[in-house]
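Below: one structure, written as structure tokens.
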Amino acid sequence: MLVGRCLLTAIGKGFAVIGVLYESREWSDYKLAAELAEAGCEVRMIDLALADGSDEWAGAALFGAALECDLLVSRVFASAVFRGHAYAHELMANLVPVAEARGIAMVNPPRAHYFEIDKRRAVEELARAGIDVPRVQACGTPAELAAVVGLSSEGAADEEPAFRALRYPCIIKPNCGGRTTYTAIARTDEEARAFLDGAPDFEFIVEDYLLPERGFVTRIELVDGACELAVKRSVVDGGLSAYHLGSTYQLYHDLPAPVRATAEAAGRALSIEFGSFDIIEAGGRAFVIDANSVSNVSPDNTATFGGFDLMREYARAIARRL
């Protein structure tokens, strides 16, 4: 049977079956599965990238495999669209409500996935919860955003975000995406136009750019709703902060209690129990600039994080729920 031979790999021995939904084949996906197996769970690796929508049977097989599990763990990143795995999002959109209706638990809870793939929705939900976030200036395709570049901002504050004139500095990034892909800081009309002229044709969000006045972005990892790791991620030339751009990590031993509280409150607001938040501390406030319901680490991160093994801690916390 194709499902047993190619679509699933079962490891470990236990009573509960945990389905790990993934599409990126990252080291951390397999690391999490191995740690769950070590904790005594039976794990099924369900690779949603094996279906692309052209073969209904393949999609149905993946769907059915997921529904045979007792617990589902989503490792489907917003950035799937950049890897040609947009169909994984379609599968998730169909799977999440069915799994919920059948009483199949998910880590994170189902609604968290929708905040993973929609930055504007996440920002608006956080703002409703009273959490500091950057102001959303606009949302739209590159062509729609280019049409407002250079417009007068007079009276724009009362307009819908999709039609406001841009204010600088601003950050432009995919509304569904991650890893600082197709992301730019614009400080002038010319910089905004140059970026938008070469941007792919999907929806972008434009937000106020908040200067990391302390020289770093605070990354907080939640495990079962609690802050278990805080690091300082350096800002590179140009103002962005990302591992793949050369940013370095340093453990944040003296994390202020209000910043910790902000991250945990953000997790509750978005139902992200396992995930990460990027925070900029500015003017005595903690602004949540990004929310991720799927955290990614590389093999060297454990040493960087002082021996803290994020995927192991994930697995232990998940196993305790069974």
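Quick one: if the Förster radius is 25 Å, what FRET efficiency do Asn94 and Phe202 give, using the C-beta to C-beta distance and rounding to 0.05?
Values: r = 20 Å, r/R0 = 0.82.
It comes to 0.75.
What relative contact order, as a whole-number percentage, does segment 47-146 give when Cα pairs under 8 Å and 6 or more residues apart are counted?
Numbers: 70 pairs, mean separation 24.0, N = 100.
In percent, rounded to a whole number, it is 24.
What aspartates and glutamates does Lys173 reach when the alpha-carbon gap must be under 13 Å and sequence neighbours fewer than 8 apart in one chain are set aside?
Candidates past the 8-residue exclusion: Asp118, Asp201, Glu203, Glu207, Asp208, Asp290.
Loop only by DSSP, 15 or fewer other Cβ within 10 Å of the Cβ. Give me the chymotrypsin sites (Phe, Trp or Tyr not before Pro) in segment 187-220 that pass, ordered by residue number. Write down the numbers at each step before the final one.
On the way: sites: Phe195, Phe202, Phe204, Tyr209, Phe216; in loops: Phe202, Tyr209.
Here the sparse-neighbourhood loop sites are Phe202.
Counting only heavy atoms of protein chains, what accessible area per residue, in Å², does the chain have with a probe of 1.4 Å?
Working: 14170 Å² over 322 residues.
Here the per-residue accessible area is 44 Å².
Please give the contour-minus-distance gain from Thr248 to Ser234: 0.36 nm per residue of separation, less the Cα-Cα distance, rounded to one decimal in nm. Could the numbers behind the result be given before it?
Values: separation 14, 0.36 × 14 = 5.04 nm, distance 0.54 nm.
Length gained, Thr248 through Ser234: 4.5 nm.
Select one label from (1) 19.2, 63; (2) 21.1, 77; (3) 20.1, 64: the one whose number is Rg and Dmax of the Cα atoms in Å as derived from the coordinates shown.
Comparing each candidate, only (3) matches the computed number.
The values are calculated or read from the model by the stated rules, or taken from the named source; none is laboratory data. The structure presented is a predicted model; accordingly, all values stated were derived computationally and were not measured. Don't worry about glycine lacking a Cβ; one is built from the backbone with ideal geometry, like all the others, and counts go over all protein chains shown. These area figures cover heavy atoms from the full protein model, side chains too; ligands, DNA and RNA do not enter into them. Shrake-Rupley method; radii C 1.70, N 1.55, O 1.52, S 1.80 Å.
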